[in-house]
Amino acid sequence: MDLNTDQPITERTNPLSANIDILAPLDIVSTLQACDEEIFNGWRDFQGLFDERIQSNLSKIMEVAVDVLNDADRSVIIFSGCGTSGRLAFITARTFNSHLRHLGITECYQYIMAGGDRALFTSQEAVEDDPLLGAKILKQLSEDKVRVLYFGITCGLSAPFIAGQLDYCLKHLDRFTPVLLGFNPAHLARNMPIEKWDKTFLQVVQRLEEAEAKGQGFILNPVVGPEPITGSSRMKSGTATKLLLEAVLMPAHAKSFMHTKLGIKDYLVQYKQVWESVYSQKSDIAALLHLAGSSLKQGGHLYYIGSGGLGIMGLIDASECSPTYGATLDDVRGFLEGGYQTLANLEGDLSSLGKHFGISLQDFMDQIVPNLTDRDLVIFISKDRPYSIPKEVEVKPCNKACIVVNITKGDSVQSVSTFNSKVTLDLTEVVLDSAALDADLRLRTIDLYAELAVKWTLNAVSTGAHIMKGKVFNNIMIDLKPSNVKLFHRAVGIIQRYSNLAVEVCQDYLLRSLYDTDDVSQEIRSAAMVDHIKIGASKPKVVPTALLAALLRCTIREAKVALDQQPVLRQVILDSMAGQQGNTQ
Ligand code: S6P
């Protein structure tokens, strides 16, 4: 049940997944399928992607993109975001620059990842709260450009980093066309004061609405319904972000360079076919999920290995497990054939930053392979035929699985017994209008579909595996790190949902847990949010401890002891809620 109707839709719980934590693997996948369907079919009265205003904005944005592309030497298309939104900004810029490069046209796509390239693999959630930094980076990136099409991606319409950039665009509408991409109705944009700034996100959105009325900016905010795991915008919102950007820019490229017309709507319809193909394999996905969950449950690890865009989907999925499930950076890792050379990120090779920034197959061979055990699972991701497993890995006792995306008709996938689990995603039946697509664009399009198919599959596997590990209660991830303002408030909301105490009291419990005290001083209470968040980013089990203390009305120390004895949160919470009911009877 939702706490209130003013709550942003991206922060609400999805009734379809209310009991996802106790479902069997196949039912988990079916639940995700039903939640994902809302991307295409809409949610309640909202029309989703096919809403008339959204479709009209998509066409108008496409026309602006065509103008910019026709003046690529002096113009730029920028995608910007925090967390998953930044990672999708990165991969979208990479995709479309690669096409321009192929055509011999100046690469005019740029991305801004809040926290820099290190945030592509590790979470840097605090940067999300800095509007001035956002504006500064945008200014630097666009100063010498005569025309800028800017996409600010914030699924919750909430990130101050993006608010600062939109505000900058709105002050320079002579050069900028700002697009806000997110998944809440405009009036549910965050309306909370932003530290060291004079506007709220909502106020920026209201100015953008005025710009939109004059055709000077756009809000692209289809409602796709709440996430299957509450607030986990890497899932549906991330998917919708990826497919919307591609559905605008593929047709823009076709119009600018191939002089053919491609329908935006056709793209979206085809994405739905991809969704159907993926979930038609749900038994195999469930089997893989089960294998992955068993590994994590036994303290083993999950490794993704892949090439090109499919490998990058693995990197992205792995990077999200730490902020979403409080996983360690070792629990789930991705590796990419060709490492940083393939990634083609702005800051180049980051491997000197530490072992978690080693992303090449060589890094996998050096760091991981010698220590592989039968508790680990390695998932190889490839196109058309199963990945050939390196000999060094083949002899190891770990579980091996593969995800194969079939994009070429007639290319039969031979069965390889070395794999303990295999998922074949067949995209050969997705109908592409060959009259409108030349051979190259057709291949690029199908590659994008393959990326999305892999995203859906990996999201299901890593989400399900963490559910099996006991990380989720109902459909809420309780062990989140309150490492930015959004997550701090989400944490307070979780404590409130289960304890039914007043918001202020819940906030107090959170502060108690953060500062390890049962007596929250005035000094702590009046400290800046940034101080709370600094602690929240590094301290383990802050929210479960606070929640348990609130439920049992016990000290922080007692809550910690209880959690040490029973690490499966669902069990701790259920036990303590049962105890609470017993006490009141
Ligand atoms: C969500 C992910 C986060 C978000 C980030 C940006 O699953 O863990 O890293 O992507 O907080 O959120 P938003 O709403 O601005 O796109």
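The values are calculated or read from the model by the stated rules, or taken from the named source; none is laboratory data. All figures in this text were calculated on a predicted structure; none of them were measured in a lab. A quick note on method: Cβ atoms are made from the backbone with ideal geometry, for glycine too, and the neighbour counts reach across all protein chains shown.
For the reader, a short list of remarks on this structure follows.
One line per residue, one yes/no per condition, for (1) closer than 24 Å to I219 by Cβ; (2) of a type in the set (S, T, N, Q):
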| position | (1), (2) |
| --- | --- |
| P8 | yes, no |
| E11 | yes, no |
| S17 | no, yes |
| L26 | no, no |
| V29 | no, no |
| A34 | no, no |
| W43 | yes, no |
| Q47 | yes, yes |
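- For the range 239-246, the condition holds for at least one residue, the condition being that it is within 21 Å of the chain's Cα centre (by Cα) and either modelled with pLDDT under 95 or more than 30 Å from L480 (Cα to Cα) (or both).
- Residue in the range 67-78 that is more than 14 Å from the chain's Cα centre (by Cα), surrounded by fewer than 19 Cβ atoms within 10 Å (Cβ to Cβ) and within 16 Å of the ligand (Cβ to nearest atom) present: no
- Those residues of the range 489-542 which are surrounded by fewer than 16 Cβ atoms within 10 Å (Cβ to Cβ), touching a helix residue (DSSP H, G or I) at 6+ places or on another chain (Cβ under 9 Å), touching a residue at least 24 places away in the same chain (Cβ under 8 Å) and in a loop (DSSP other than H, G, I, E, B), in sequence order: D516, T517, D518
- Strands (runs of 3 or more DSSP E) enclosed by the range 97-195 - at least 1 residues per element that are in contact (Cβ under 8 Å) with a residue 12 or more places away in the chain and out of contact with any strand residue (DSSP E or B) (no Cβ under 6 Å at 6 or more places or on another chain): 109-113
- Listed by first and then second residue, the pairs with beta-carbon distance under 7 Å, at least 6 apart or on different chains, first residue in the range 1-12 and closer than 13 Å to G231 by Cβ, second at pLDDT below 85 and not hydroxyl-bearing (S, T, Y), are R12/D2.
Here is a yes/no grid of residues against (1) over 30 Å from C321 (Cα atoms); (2) in a loop (DSSP other than H, G, I, E, B); (3) outside the structural domain of A453 (by TED's automatic domain parsing):
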{"position": "R207", "(1), (2), (3)": "yes, no, yes"}
{"position": "E212", "(1), (2), (3)": "yes, no, yes"}
{"position": "I229", "(1), (2), (3)": "no, yes, yes"}
{"position": "T239", "(1), (2), (3)": "no, no, yes"}
{"position": "L245", "(1), (2), (3)": "no, no, yes"}
{"position": "K265", "(1), (2), (3)": "yes, no, yes"}
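- Residue match in the range 72-85 (condition: part of a helix (DSSP H, G or I), in contact with a Gly (Cβ under 7 Å, 6 or more places away or on another chain), modelled with pLDDT of 95 or more and not assigned by TED's automatic domain parsing to the domain that holds G314): yes
- Unique match (being modelled with pLDDT under 95 and farther than 30 Å from C82 by Cβ) among L437, L480, L501: L437
- Residue count for the range 135-165 satisfying the condition of being surrounded by fewer than 22 Cβ atoms within 10 Å (Cβ to Cβ) and within 15 Å of the ligand (Cβ to nearest atom): 0.
- Candidates L202, L170 - the one that is out of contact with any Leu (no Cβ under 7 Å at 6 or more places or on another chain), surrounded by fewer than 24 Cβ atoms within 10 Å (Cβ to Cβ) and of a type in the set (A, V, I, L, M, F, W, C): L202
- Inter-residue pairs, beta-carbon under 7 Å, first closer than 24 Å to G299 by Cα and in the range 447-470, second modelled with pLDDT under 95 and of a type in the set (F, W, Y), 6+ apart: H466/Y325
- Condition check for T95: at pLDDT 95 or above, within 11 Å of the ligand (Cβ to nearest atom) and touching a Lys or Arg at 6+ places or on another chain (Cβ under 8 Å): no
- Among the residues of the range 247-263, the one identified as among the charged types (D, E, K, R) and not in a helix (DSSP H, G or I) is K261.
- Any hit, the range 85-105, residues being more than 15 Å from N345 (Cα to Cα), within 17 Å of the chain's Cα centre (by Cα) and buried (at least 24 other Cβ atoms within 10 Å of the Cβ): yes
- Odd one out for I219 among (1) outside any strand (DSSP E or B); (2) within 16 Å of the ligand (Cβ to nearest atom); (3) hydrophobic (A, V, I, L, M, F, W, C): (1)
- The range 362-381 residues that are farther than 21 Å from A465 by Cα, paired with ones that are in a strand (DSSP E or B) and among the hydrophobic types (A, V, I, L, M, F, W, C) (beta carbon under 6 Å, 6 or more apart): F364/F335
- Residue list for the range 552-569, filter: modelled with pLDDT of 90 or more and in a helix (DSSP H, G or I): I556, R557, E558, A559, K560, V561
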